[in-house]
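The values are calculated or read from the model by the stated rules, or taken from the named source; none is laboratory data. Not measured: the values here are computed from a predicted model. Here the Cβ is made from the backbone with ideal geometry for all residues, glycine too, and neighbour counts use every protein chain on show.
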Amino acid sequence: MLYTRFFLMLLGMFYLSTTLLGAQDDYSYSYIPKKVYENQLFPVTIIDTTEYNNNPKFQFETSSDVFPLFKEPLLIHNGNSLFYTFYFKASKNNIYIPRLFIVSDNVDMSLEPQNIPVSQLKNIVNFCSVIATDMKIKSYQISNYDENSHLVIFSIEANEANLEDMRLGSTETFGLEYIKREYAKVKAEFYIVLPASQKILEFNYFNTIKKQYISLQIPTELANTSVVSQSDLHPKEDSFEKLKKYTFIILALFSLFMFLIKKDFFYLVLGAVSFITLLTFYIPHKKICIEQGAPLYILPTQTSTISTNIDQQFETMLLGVRGEFKKVEYKKGIIGWIRDENICKD
């Protein structure tokens, strides 16, 4: 009898241990960086190999001062496995990822804390303080800021990037606005005031995949003392507008030519539609009246820097609209945004 009870106890302990080991195998860290750099954004990924797929709840140890940027992880399906990714930002000291508790209908377990060493990057000239897996300038705009300076505004798109730490050169007139982060992907708009004599804005970011500094450049010479782009931060649209105009001119002439030869009513209709569409490109911009003293914002955001104030009431062309902001040209080459509340009242 004693041997039977002892055997059953051993059998129960074996079953309990295998159950716990099986639970430990259900969730595990599939990726933890071996080292990171100061201020770097980095992922930590957990793999779920269970067949339950019953929306587990994740909770890092609350006593820790290290926590992910988002409470909910990024979920990616890959075959029969699920990957949950949290994003963290490194500080100056080694990163201690706290214990992670995982609870679901079938699992109640935790993953051990993880220590990640933090390294220092070698600082180089024109380093903008951004560390990323990728970073691109999507569009840019150049306008006059004053008699001696140009205002450069550009849109940035990056992955696993600390754009909030971005710095350029020794000038104090710069800023980052309209920053939007969605897990690894981040977008923002940056502005900087440069001397009118400066022809190129060049800066470097550190690419964590290539393990090297990557240079990005923006030409900052203002052609014909006018704004490079009248569009909403999309300078390449000007060339596209010209292409569309030429296309409809050719299409209208071709349709007229074919109508004279074929006498087919279809070509007459096609030519008329092309001509009417072409006329829309030459319709003048709507004019609006701006109140005296109205602030001219650099960007169409609530927290944007004010570049100047309107010295007297005047009428100008409406160049664009974004929400409650209207894009206008104040003086020759000086472009900015006016709030709706600063438009003249009837």
**Request:** Would you be able to say whether some residue in segment 177-196 is outside the structural domain of Pro43 (by TED's automatic domain parsing), at positive phi, in contact with a Pro (Cβ under 9 Å, 6 or more places away or on another chain) and assigned to a strand (DSSP E or B)?
**Result:** yes
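Having 1 or more residues that are touching an Asp or Glu at 6+ places or on another chain (Cβ under 9 Å) is the bar; report the strands (runs of 3 or more DSSP E) wholly within segment 286-333 that clear it. Give the steps one after another, and end with the answer.
Numbers: elements: 287-290, 295-297, 306-309, 314-322, 325-331.
Correct list: 287-290, 306-309, 314-322, 325-331.
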**Prompt:** Any idea which of (1) at pLDDT below 80; (2) closer than 26 Å to Lys345 by Cβ is the one Asp238 doesn't satisfy?
**Reply:** (2)
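Can you go through Lys138, Lys89, Lys122 and tell me which one is in contact with a Leu (Cβ under 6 Å, 6 or more places away or on another chain) and of a type in the set (Lys, Arg)?
Numbers: Lys138 fails: in contact with a Leu (Cβ under 6 Å, 6 or more places away or on another chain); Lys122 fails: in contact with a Leu (Cβ under 6 Å, 6 or more places away or on another chain).
The unique qualifying residue is Lys89.
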**Request:** For segment 282-300, state whether one or more residues are under 28 Å from Ile192 (Cα atoms) and of a type in the set (Gly, Ala, Ser).
**Result:** yes
**Prompt:** For segment 99-127, what are the residues that are under 29 Å from the mean Cα position of the chain (by Cα), surrounded by 13 or more Cβ atoms within 10 Å (Cβ to Cβ) and in a loop (DSSP other than H, G, I, E, B)?
**Reply:** Leu121, Asn126
**Request:** Tally the residues that are touching a strand residue (DSSP E or B) at 6+ places or on another chain (Cβ under 7 Å) and polar (S, T, N, Q), restricting the search to segment 184-205.
**Result:** 1
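Collect the residues in segment 64-79 that are among the small types (Gly, Ala, Ser) and either under 16 Å from Thr50 (Cβ atoms) or outside the structural domain of Tyr29 (by TED's automatic domain parsing) (or both), keeping them in residue-number order.
Gly79, the sole residue that qualifies.
Yes or no, residue by residue, for (1) crowded, with 22+ Cβ neighbours inside 10 Å; (2) small (Gly, Ala, Ser); (3) modelled with pLDDT under 90:
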{"residue": "Met135", "(1), (2), (3)": "yes, no, no"}
{"residue": "Tyr145", "(1), (2), (3)": "yes, no, yes"}
{"residue": "Asn159", "(1), (2), (3)": "no, no, no"}
{"residue": "Leu163", "(1), (2), (3)": "yes, no, no"}
{"residue": "Ile179", "(1), (2), (3)": "no, no, yes"}
{"residue": "Tyr183", "(1), (2), (3)": "no, no, no"}
{"residue": "Tyr191", "(1), (2), (3)": "no, no, yes"}
